[in-house]
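I have placed the structure first, in the form of structure tokens, so that the comments after it can refer back to it.
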Amino acid sequence: MSEKDYAPLSTACVRALHDKLYEKRKTAALEIEKMVKEFAVINNTSQIRRLLKVLGQDFALSQNPHARKGGLIGLAATAIALGKDTSNYTDELIKPILGCLSDQDLRVRYYACESLYNVVKVSRGAVLPHFAAIFNALSKIATDPDQHVKNASELLDRLLKDIVTESTCFDLEGFMPLLRERIYTKVTFARQFVISWISVLDMVPDIDLIFYLPEILDGLFRILGDTNLEVKKMCETTLSEFLRNIKSDPSRVNFPAMINILINHAQEKNDDLVQFIAITWIKEFVQLSGPAMLPYMSGIFTAVLPCLAYDTDARRMTDIKETATAVNFTLMKLIAVHGDESSARVNQIGYIPVNASTNQLDLPSVVDVLTQFIMHNSIQTKVAVLKWIHDLYTKLPDEMINHIDVLFPALQHTLSDEADQVVQQCLVVIAEVISSPVAKRSSPVNSEGATGKHTGCDTNPYYNKFLISLLQSFNTEKRLLDERGSFIIRQLCVLLNAEDIYRNLAHILLKEPNLKFARLMVEHLNMILLTSSELFEMRSRLKELNTEESCSLFCCLYETWSYNPVATVALCLLTQSYGHVCDLIRLFGNLEVTVDFLMEIDKLVQLIESPIFAYLRLDLLQVPCDKNLIRALYGLLMLLPQTDAFQTLKSRLSCIPSLHMHCEEKGGFSFGSVPECKRNIDFAKLLQHFIEVQEKYKEYKKMTRVKDLTYAEKELSNLEI
């Protein structure tokens, strides 16, 4: 190779730059430094550029690793010699060095770091136009397997951070595409490098990284999930600083652009720190932006509702649950504002002024999510969902009525839940739905339902639709009736008008084709009526029968109670219709006396001994006694086999032997003591109805036996074949 190929370098200098010994390359570098200073004094830029071309191409790109090392040390010497004039040659100096940072020879990579450090140290702010390229190269070399190379790169990194921090012209917009790309690296050291730079840029007063936060937030949460504790801690600190800045000036934050990112990471079940930080951010977003979060409520529910189920002593999980609870509470307040306050009121309570037209609640999506989570396996989550449905129905009735056909089947299914708390809250929601004034504006009840004349339920299609569905559920799920029937009906009576509930159930059962189920259901309803504290007032009205409404209720119940003879007797004992009880008991001789029938009488005797019928026992002390009451009780006694119940009732009657002789002197209540409305009850007609119902039931049982026999014969025939 001729001397002029390396001009302006001397042959000795060229030879020294190629030498494998560092000392000889260093001597050549000193010569280059002296030469460049001389060129700079006489402003010989052409020779300087010629020298940089030789060093950058012939040496830095050489196949000989020693030559590459020589080129790198020569470039560093050139920069040192140029001093403040280095800014005129940054392209020629930096580009060759960056190429060597990815060299296969670790010593070349090390010298490239050292060389670039010197160039940057001299150039300072002049290297910023090349910042993206330098950052890209450093992010790769941060994962270098050689510790010496990593140490050298860290020195260069710190220097570059100092320059960026003191600069007033950093091109953040140009840098963001590279940062967005690099932030998704999965290498721990590269992540550490990226997060350190984000932290530095966030601290620069003239750089507003909050504006670009939506572009890097997802990457930050991915880094937060790193297995390296140091990286996690760095990222957590950086996110905390971002959140602090957001809270200090929320007006410059694009909340909608980031909320879906947070929702996604809040569902990270494998890393409780990621989940906790994400939900914490969601909480702050909801509190700071208010109505801007309404379009994203369904997504927030997806993230928050499952967290309400966390029940553990682990501190982090407890924090997640408490934060999720806070989000849930804030959202409820937000819905309240959305439902009945103006935008001016919204601003007064601290929310940021927003364009109301862009902040509409996506109710179909919300309902869809709530419908899904109502089937969740957690009691806390299901209760929260039910409270939300109730809250939405009370705050936004006009909108929610359009979605009730979706929610109603889910609510009905929830009544089978094993947790009392869930069933109780579900009934609260159902009560609101079926008594809603909005629902009353819907189509009238069809002929399947009852009249519901006391609450206007005759104009609410869901009132009777629910009761019909409830009875169907009891019919198909005997376990539900046995284990939950009493609880469900009692709660409904608390939440709604008890008399209306009983009226409507009675009307529906009166048309029930399955008479066996109707009889069983009457038995349950009667037991609830007689024993439930929630129905005390209703029992009191039936006991007195001193109003048209109470008499009407008695007749309504009687018609359906006739399916169950013992329940009918109990109802008449409750209403002190002792004469009619005697008439009924006389008919019992014509009925099929089964074990179940006797067990029902046994239960009735136990009820007579309970506080519910204390007034009846006190009536036995009257002188003269009511002969119908005495006959009724003796009639029950004669029906019973000599069981414990028989002995109990016999003992009770034996307490009044001296009064029996006076029975003939009193033929029942004196006519004047009976309320006029009770006198108007046609007991003869009721008795005839009772007889007809019992005949109908007798025919039903006969048909059922025939069907069962036919089925058994068919099965037997199939077996013989």
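The values are calculated or read from the model by the stated rules, or taken from the named source; none is laboratory data. Fair warning: this is a prediction, and the values are worked out from it, not measured in the lab. Positions of Cβ are backbone-derived with ideal geometry, glycine not excepted, and every protein chain shown enters the neighbour counts. Surface accessibility is based on the protein's heavy atoms, side chains included, excluding ligands, DNA and RNA. Shrake-Rupley method; radii C 1.70, N 1.55, O 1.52, S 1.80 Å.
When mean projected area of the Cα convex hull in nm² is calculated directly from the model, which label among (i) 32.2; (ii) 38.2; (iii) 51.8 fits? Answer label, from the structure shown: (iii).
Please give the calculated 222 nm ellipticity per residue for the chain, where each DSSP H segment of at least 4 residues contributes -39500 (n - 2.57) and the sum is spread over every residue; nearest 500 deg cm²/dmol? Before the final figure, lay out the partial values.
On the way: 37 runs with 490 residues, N = 721.
Theoretical 222 nm ellipticity from helices: -21500 deg cm²/dmol.
Across region 100-247 the C-alpha pair distances fall into 5 Å bins from zero in the proportions 2, 10, 20, 21, 21, 15, 9, 3, 1, 0 percent. A Förster radius of 41 Å combined with the Cβ-Cβ distance from residue 482 to residue 680 puts the calculated FRET efficiency at roughly 0.60. A simple spin-label model places pseudo-atoms 7 Å from Cα toward Cβ; at residue 531 and residue 46 they are separated by 11.4 nm.
What are the semi-axes of the equivalent ellipsoid of region 14-77, taken as the square roots of 5 times the eigenvalues of the Cα gyration tensor, listed largest first and rounded to whole Å?
Numbers: eigenvalues 85, 35, 9 Å².
Working through the eigenvalues yields semi-axes of 21, 13, 7 Å.
Among the listed pairs 511/698; 321/395; 26/140; 84/150; 20/140, those with a Cα-Cα distance over 19 Å are 321/395; 26/140; 84/150; 20/140. Counted residue by residue at 0.36 nm each, then reduced by the alpha carbon distance between them, the extension gain from residue 176 to residue 552 reaches 127.5 nm.
Carbon and sulfur atoms: what percent of the 1.4 Å accessible area of region 1-93 do they account for?
Numbers: 2440 of 4750 Å².
That fraction is 51 percent.
Split the accessible area of region 259-325 by element, probe 1.4 Å, and carbon with sulfur accounts for 43%. Pairs of C-alpha atoms in region 168-264 farther apart than 21 Å represent 29 percent of all such pairs. Note on residue 155 and residue 230: the extension gain reaches 25.0 nm, defined as 0.36 nm multiplied by sequence separation minus the Cα-Cα distance. Among all the aspartates and glutamates, which ones have a C-alpha under 13 Å from residue 603's C-alpha, if same-chain residues fewer than 8 places away are not counted? Residue 603 reaches 523, 644.
What shape does region 498-595 take by its C-alpha gyration tensor, where a ≥ b ≥ c are the square roots of the eigenvalues and a/c under 1.5 counts as rounded, a/b above b/c as prolate, and the rest as oblate? List each step's numbers first, then the result.
Values: a/c = 1.74, a/b = 1.22, b/c = 1.43.
It is oblate, given that a/c is not under 1.5 and a/b is not larger than b/c.
All other residues whose Cβ lies under 15 angstrom from that of residue 86 are scored, Lys and Arg at +1 and Asp and Glu at -1, for a net of +2. Solvent-accessible area assigned to carbon and sulfur over region 498-629 amounts to 54 percent, based on a 1.4 Å probe.
Among residues other than residue 211 with Cβ under 11 Å from its Cβ, the summed charge is -2 (Lys and Arg +1, Asp and Glu -1). Near residue 579: Cβ cut-off under 10 Å, other residues only, Lys/Arg at +1 and Asp/Glu at -1. The net charge is 0.
Taking label points 7 Å from Cα along the Cα-to-Cβ direction, residue 87 and residue 590 give a separation of 11.7 nm.
Skip the ligands, DNA and RNA, and give the accessible area per residue of the chain with a 1.4 Å probe, whole Å².
Values: 33240 Å² over 721 residues.
Ligands and nucleic acids excluded, the figure is 46 Å² per residue.
Classify region 1-148: rounded, prolate or oblate, from the alpha-carbon gyration tensor (a ≥ b ≥ c, eigenvalue square roots; a/c under 1.5 rounded; otherwise prolate if a/b is larger than b/c)? Don't skip to the answer; put the middle values down first.
Working: a/c = 1.92, a/b = 1.18, b/c = 1.63.
Cα axes put region 1-148 in the oblate bin.
The calculated FRET efficiency for the pair residue 653 and residue 421, based on their C-beta separation and a Förster distance of 45 Å, comes to about 0.50. Applying 1/(1 + (r/R0)^6) with r as the Cβ-Cβ distance of residue 208 and residue 314 and R0 = 41 angstrom yields a FRET efficiency of 0.60. Projecting label points 7 angstrom from Cα along Cα→Cβ for residue 247 and residue 614 puts them 5.9 nm apart.
If the Kirkwood radius is taken over C-alpha pairs of region 461-512, then at 25 °C and 0.890 mPa s the Stokes-Einstein diffusion coefficient equals 218 µm²/s.
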